[in-house]
1. Anything in the range 320-333 that is under 23 Å from residue 384 (Cβ atoms) and surrounded by fewer than 24 Cβ atoms within 10 Å (Cβ to Cβ)? List them, or say none.
2. Looking at 228, 257 in this structure, which one is surrounded by 14 or more Cβ atoms within 10 Å (Cβ to Cβ), farther than 23 Å from residue 342 by Cβ and either in contact with a Leu (Cβ under 9 Å, 6 or more places away or on another chain) or among the β-branched types (Val, Ile, Thr) (or both)?
3. What number of residues within the range 321-350 are more than 22 Å from residue 397 (Cβ to Cβ), modelled with pLDDT of 95 or more and assigned to a loop (DSSP other than H, G, I, E, B)?
4. Determine which single condition residue 73 fails, assuming it passes every other condition in (1) in contact (Cβ under 8 Å) with a residue 12 or more places away in the chain; (2) not in a helix (DSSP H, G or I).
5. All but one of (1) farther than 22 Å from residue 152 by Cβ; (2) modelled with pLDDT under 95; (3) of a type in the set (Asp, Glu) hold for residue 76; state the number of the condition that does not hold.
6. From the list 296, 303, which one is among the acidic types (Asp, Glu), part of a loop (DSSP other than H, G, I, E, B) and more than 14 Å from residue 278 (Cβ to Cβ)?
7. Do you know which residues across the range 423-449 are over 15 Å from the mean Cα position of the chain (by Cα), of a type in the set (S, T, N, Q) and assigned to a strand (DSSP E or B)?
8. For the range 126-135, check the following and say yes or no: at least one residue is at pLDDT below 95, surrounded by fewer than 15 Cβ atoms within 10 Å (Cβ to Cβ) and in the same structural domain as residue 211 (by TED's automatic domain parsing).
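The values are calculated or read from the model by the stated rules, or taken from the named source; none is laboratory data. No experiment lies behind these values; they were computed from the predicted model shown. Note that we place each Cβ from the backbone using ideal geometry, even for glycine, and neighbour counts take in every protein chain shown.
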Amino acid sequence: MLQKNDEFELTVTGFTAEGSGVGRKDGETVFVENAAAGDVVLAHVIKAKKTYAVAKTVRVLTPSPDRVTPACPVFDRCGGCVFGHVSYEAELRQKEQTVRDAFARIGGLTPAFEPICPSPRVARYRNKAEYPVRSVNGELTVGFYARRTHRVIGAQDCLLQPEEFAAIVALFRDWAQSERVTAYDETTGEGLLRHLYLRKGFATGEIAVCPVLNGNALPAADALIERLKTVPGFATLCYNVNTADTNVVLGRKTVALVGDGTIADELCGLRLRLSPASFYQVNRDGAELLYRKAAEYADLHAEDDLLDLYCGTGTVGLSMARCVRSLIGVEIVPDAVEDAKRNAARNGVTNAEFLCADAAEAAATLKARGVTPRVVLLDPPRKGCAEELLHTVAQIAPERVVYISCDPATLARDCARFSALGYTAQKAAPVDMFPRTGHVETVVLLSRN
């Protein structure tokens, strides 16, 4: 049995869904961070369990053909880009295999898989960043959490974020230091600056800057505004109040200081206004590909009624509204529902109705109302759908269910449950919305038997 601090040569034969290398030593599975399939590494065990061990790579003895030099200087310390050490082609192969494996192992299903759709951008694709602000060795630090910790690694420029964000991080840190604005301390609950939240509209170039405060006012705001005026695209400055002892980034209150606290963007031909609390896909160009694939699977017609459960701010359903007779969107977050209504009005969509309700309860209510949509859209959070929701959808009996998911495991589980309710997972298309990270989106078409 392997023990902590054991060191040995290990041939890495595969990846986990989270991007760690996998090999076997003396019959035990070994997970190795920062290793690539095809590597031979010197591995050092940092955790030993009965059936597996976790190790770190001490040295790469023979590199994999897929291995590349990470472009980010903090790759081995930051928790973001788990695939930063392999080629993008290798990353895509692994993500596609992750989806296939989940369907086979968890769901026992074999839909017709389409090749994974690459992201139009591999770098600088994210339109949103949430930088934790902490004091590290007495110095105010803005960056990202180290993997599986709340220890902040200073990272002025992240290669997944727009270049303008790096300039904002630098001037924000300099402003805070010169004005003696304190960083939040999770242990004591003291200090003012918790996070720096940034968002950019890729179609418009507009940028929102939103410090998240452990307090009710932003000191020296005029000095920060003068610095931000030098950033191309700067459109609004607001601050968010979050004084709770929580890991949730944003609180309920946001105050605009420059502009109205929102920025504009366009997605699938829709004009949108985005506040800090608005849900919006972080990869805009990738989202357009994802939504086009969902629309293709939906195969909508002018006489159809479309039910969009977990609709968020309405973007998926609204992108298809002109193809159908009516759209009903359901979302449990009140602010998101109001955003969806405003987005519909902004784009002249008059055949849409948005309900603020739990998805399962709303589906049951609509069934009682006699609503019979031919197509149901599902885009739940990572935990997937509640089982009672699947039963209600099956009772509504749409011809097609189009399921969008960011978690292959819960997606495969729910598709297997749908199978027992008379719906077959016919087609599946992985879409890489999050290059260099361990996440992958998938669209599935389920048809009524």
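1. If the condition is that a residue be under 23 Å from residue 384 (Cβ atoms) and surrounded by fewer than 24 Cβ atoms within 10 Å (Cβ to Cβ), then 320, 328, 332, 333 are the ones that fit.
2. Details: 257 fails: farther than 23 Å from residue 342 by Cβ.
Going through 228, 257 in turn, just one is surrounded by 14 or more Cβ atoms within 10 Å (Cβ to Cβ), farther than 23 Å from residue 342 by Cβ and either in contact with a Leu (Cβ under 9 Å, 6 or more places away or on another chain) or among the β-branched types (Val, Ile, Thr) (or both): 228.
3. Of the residues in that region, 4 qualify.
4. (1)
5. Unmet for residue 76, out of (1) farther than 22 Å from residue 152 by Cβ; (2) modelled with pLDDT under 95; (3) of a type in the set (Asp, Glu): (1).
6. Checking each option against the conditions leaves just 303.
7. Across the range 423-449, the qualifying residues are 424, 426, 447.
8. no
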